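Here is the structure we will look at, set down as C-alpha cells.
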Amino acid sequence: MPETYPFNRRRFVAGAAGLVVGPMLVAPDGALAHVPSTAGGPLPTGLFTLGVASGDPLPDAVVIWTRLAPQPLAGGGMPDRAVPVSWEVADDEGFRRVRRRGVATAASRSGHSVHVDVQGLRPDTVYWYRFRAGSEVSPVGRTRTAPASHARPRQLRFAIASCQNYESGYYTAYRHLSEEDLAFVAFLGDYIYEGRPNPAALRAHEGTDEPYTLEQYRNRHAQYRSDVDLQAAHAAFPWIVTLDDHEVDNNWADEIPQDPDLQTPEAFRARRIAAFQAYYEHMPLRRTSLPRELDMKLYRRLRFGDLASVHVLDTRQYRSDQPATIEAAMDPSLSMTGPEQERWLVRGMRSSGTGWNLLANQVMWASNDRRAGPEKVFDLDNWDGYRVQRRRLLEFFGSGQVDNPVVLTGDRHCTWVCDLRPDFDDPSSPVVGAEITGTSIASGGNANPASFHATYDPIMAESPHWKYIDNQRGYVVCDVTPDRMLSSLRLVDTVWAPTANVRTAAQFVVEAGRPGISVVSQEATPPAALRSAGPVFPVDDDQDSHPLQ
Ligand SMILES: [Fe+2]
C-alpha cells in the first residue's frame with residue numbers, strides 16, 4: 001500500500017519510537033552537553049548571529065549547518081583557532097528524544113562554519129536540530145528527510161525561490177514561505193548580489209565596493225544571512241541550493257568575468273575561488289560540494305521516492321562565454337552546461353525511475369523575446385544564447401525517454417510560465433515540457449505591473465508558448481502527485497515594508513503524460529503594488545536589478 005507523504009505526525013511518532021538510540025547525552029533540563037573549548041581563552045558572545053540551516057535531504061541523511069560569527073560584518077569576529085561545536089538531532093522540538101548527536105569542529109580556515117552530514121536517519125521524517133558552542137545554544141531548526149527510494153509517495157510539496165537582492169527590498173516573502181507546509185525549498189540562484197553599496201537603497205550593502213576577497217564575500221553573505229526572515233525560512237525546511245551569477249560576478253561564464261577589460265584572468269580566478277569558498281561556508285551543502293581550487297561541484301540529483309527527481313543544474317561554472325549576436329548563438333559548439341554535465345543530465349533523466357523530472361535551473365529555457373514586432377531582442381545570457389544545445393536537450397525531452405520534465409527557473413525577476421518546444425519559432429514544433437520561472441524574493445523591488453504589461457502583453461500575443469507572465473515579488477509552491485503538478489504563485493503586496501500580506505495570484509497545472517502547462521486560475525485584477533510604501537529609488541524590473549545610480 002502506498003505511503004502517504006508527508007507523514008501524518010501521529011503516525012511518524014509511533015514509527016520513530018522503535019528506533020534504537022544510544023544513551024542520552026543531554027542534561028536533564030534538555031540542554032546540550034557542554035563541550036569545553038580548546039585552549040585560548042573564552043569565546044566571544046553572540047556566536048549564532050547567522051541562524052541555522054539544513055539541506056540536501058536524503059532518505060537517511062541531511063546536512064545541518066551553522067557558522068559562528070559574533071561580528072558578522074567584520075570577518076566573523078572569531079579567535080583564530082578551532083572551536084568544538086556540539087550538535088544534536090531529535091525527533092521532537094523539545095529535544096526529549098535525541099536520535100543523533102556529535103561534536104564538529106568550526107575551523108578558522110572555513111570561516112568557523114559547521115557542516116554536519118547527519119547519517120542514520122529515518123526516511124520521510126521530520127527532525128529538529130541545534131548546536132552549542134561554549135555556553136551558547138543556537139536557535140532550533142526543523143528539517144525533513146526524503147522518502148525511501150523505493151517508496152511510492154502520493155504527494156510532494158516544495159517551494160522555489162531565487163534572487164534576493166538585499167538592497168531591493170525586505171524578505172517579506174520568506175516570512176510567509178516559512179509558514180508553508182513544505183518538504184524542501186529549492187533555491188535557484190542569486191543568493192547574494194555582489195553590487196557595491198548604494199546609499200539610496202532601501203537597506204544598503206555592507207562594505208565600500210564589490211567583494212573580491214574571501215573576507216569580503218564572507219561579510220556579504222553574513223549580511224544577507226543576518227536577515228531574520230531568511231533565517232526563519234532556513235530554519236523551517238531543508239534547502240536545495242544552486243548558484244547563478246551574482247554569487248560571484250554579474251554574467252560570469254566559467255573563467256570569464258563580466259568585464260574582462262577590468263579583471264585579469266588571474267584576478268578573476270582568485271575572485272571565483274574566494275566567492276566559492278564563502279558560498280560553501282554559508283550553504284547547507286554536503287562535503288561533495290566542498291570547493292577544490294577553482295571548482296565546486298554543485299550539479300547533483302536528489303530523489304523523492306518514485307515520485308520526483310530534482311536534477312540540480314550549474315549553468316555558470318562550465319558554460320561557454322555568452323555570444324554577442326543571435327547568429328553567434330547558433331554556434332553548435334556553445335554549451336550552457338559543459339559536455340560532462342549534459343551527459344550526466346541526460347543519463348540521469350533517462351534512468352531516474354521517477355514520475356517527474358524536475359530541473360533546478362538558473363536562467364530561462366523558453367524563448368524570451370524582449371521586443372514587439374518582427375525584430376527580436378534576446379538576453380543571450382539565457383538559453384536563448386545557447387540554442388543548439390537547448391534544441392538538442394528539448395528534442396530529448398520529447399523523445400519518450402524521460403517522464404514529465406519540468407524546468408524550474410530563477411534569474412528573471414518575473415514569473416514566466418511557458419510550454420517548451422524544441423523550436424520556439426515553429427508553431428508545429430511539439431510541446432515537450434514545461435517551464436516555471438518563479439519571480440524573485442526581493443530583486444526588482446516593488447513592481448510596476450502596468451508598465452510591465454504595457455511592454456510585454458504585445459510580445460505575449462506573438463509568443464504562444466508563454467502562458468502567464470507577471471513581475472511582482474514572491475515565490476512558487478509546487479504540489480506534485482503522481483497525476484499532476486499544481487503550482488501556486490504566492491505574491492506579497494510589498495517588499496518595501498518589513499511585513500506584507502501574501503496571496504495566491506495564480507495557479508498552473510501540468511498533467512502527467514501531457515507535456516505543457518496551463519493556467520488553472522488567476523486573479524482578475526492584480527492589486528496595485530504599494531510602490532509608495534518605501535523609500536522609492538529606481539530599480540530595473542527587467543534583469544539583474546542593480547538600482548540605477
Ligand atoms: Fe537575480
Problem - Failed condition for A308, given (1) over 16 Å from the mean Cα position of the chain (by Cα); (2) over 30 Å from P482 (Cβ atoms) - result: (2)
Exercise for the section: Answer yes if at least one residue in the stretch 321-335 is within 25 Å of V510 (Cα to Cα) and part of a loop (DSSP other than H, G, I, E, B), and no otherwise. Expected result: no
Practice task
With the condition kept exactly as written, say whether any residue in the stretch 454-473 is within 16 Å of the ligand (Cβ to nearest atom), aliphatic (A, V, I, L, M) and touching a residue at least 40 places away in the same chain (Cβ under 8 Å).
Solution key: no
Completion exercise
Cβ pairs under 6 Å, 6+ apart or interchain, first in the stretch 266-288 and more than 14 Å from L243 (Cα to Cα), second assigned to a helix (DSSP H, G or I) and at pLDDT 95 or above, ordered by first then second residue, are A274/L214; A274/Y217
Exercise for the section: Of all residues in the stretch 213-252, count the ones that are acidic (D, E) and surrounded by fewer than 22 Cβ atoms within 10 Å (Cβ to Cβ). Expected result: 3
Handout entry: Residue list for the stretch 453-487, filter: surrounded by 21 or more Cβ atoms within 10 Å (Cβ to Cβ) and polar (S, T, N, Q)
Key = N471, Q472, S487
Practice task
Tell me which of these Y299 doesn't satisfy, since it passes every other one: (1) touching a residue at least 40 places away in the same chain (Cβ under 8 Å); (2) surrounded by 24 or more Cβ atoms within 10 Å (Cβ to Cβ).
Solution key: (2)
Handout entry: Positions within the stretch 405-444 being surrounded by 24 or more Cβ atoms within 10 Å (Cβ to Cβ), polar (S, T, N, Q) and either closer than 25 Å to D306 by Cα or at pLDDT below 95 (or both), in sequence order
Key = T409, T437
Practice task
Please indicate, with yes or no, whether at least one residue in the stretch 146-155 is surrounded by 24 or more Cβ atoms within 10 Å (Cβ to Cβ), closer than 26 Å to R473 by Cα and modelled with pLDDT of 95 or more.
Solution key: no
Problem - Identity of the residue in the stretch 106-123, assigned to a loop (DSSP other than H, G, I, E, B) and among the small types (G, A, S), that ends up nearest to T49 (Cα to Cα) - result: G111
Fill in the blank from the handout: Taking the stretch 203-218 and keeping residues under 18 Å from W496 (Cα atoms) and within 16 Å of the ligand (Cβ to nearest atom) leaves H205
Completion exercise
When the stretch 86-122 is checked residue by residue, the ones that are acidic (D, E) and under 19 Å from A61 (Cβ atoms) are E88, D91, D117
Exercise for the section: Considering every residue within the stretch 109-121, establish whether at least one is free of Cβ contacts under 8 Å to residues at least 24 places away in the same chain, under 30 Å from A274 (Cα atoms) and over 22 Å from the mean Cα position of the chain (by Cα). Expected result: yes
Problem - Breaking point among (1) surrounded by 19 or more Cβ atoms within 10 Å (Cβ to Cβ); (2) modelled with pLDDT under 95, for A524 - result: (1)
Practice task
Could you tell me whether any residue of the stretch 384-407 is assigned by TED's automatic domain parsing to the domain that holds H465, under 21 Å from A186 (Cα atoms) and either in a helix (DSSP H, G or I) or within 16 Å of the ligand (Cβ to nearest atom) (or both)?
Solution key: no
Completion exercise
Checked the stretch 345-383 for anything touching a residue at least 24 places away in the same chain (Cβ under 8 Å) and within 20 Å of G305 (Cβ to Cβ); matches are G348, M349, R350, S352, G353, T354, G355, W356, N357, L358, L359, A360
Fill in the blank from the handout: Condition set surrounded by fewer than 23 Cβ atoms within 10 Å (Cβ to Cβ) and touching a strand residue (DSSP E or B) at 6+ places or on another chain (Cβ under 7 Å), scope the stretch 56-86, selection farthest from S289 (Cα to Cα): answer is G77
Exercise for the section: State whether one or more residues within the stretch 8-15 are at pLDDT below 95 and part of a loop (DSSP other than H, G, I, E, B). Expected result: yes
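The values are calculated or read from the model by the stated rules, or taken from the named source; none is laboratory data. Keep in mind that this is a model prediction, so the values were computed, not measured. Because the Cβ atoms are built from the backbone with ideal geometry, glycine has one as well, and the counts that use them run over all protein chains shown.
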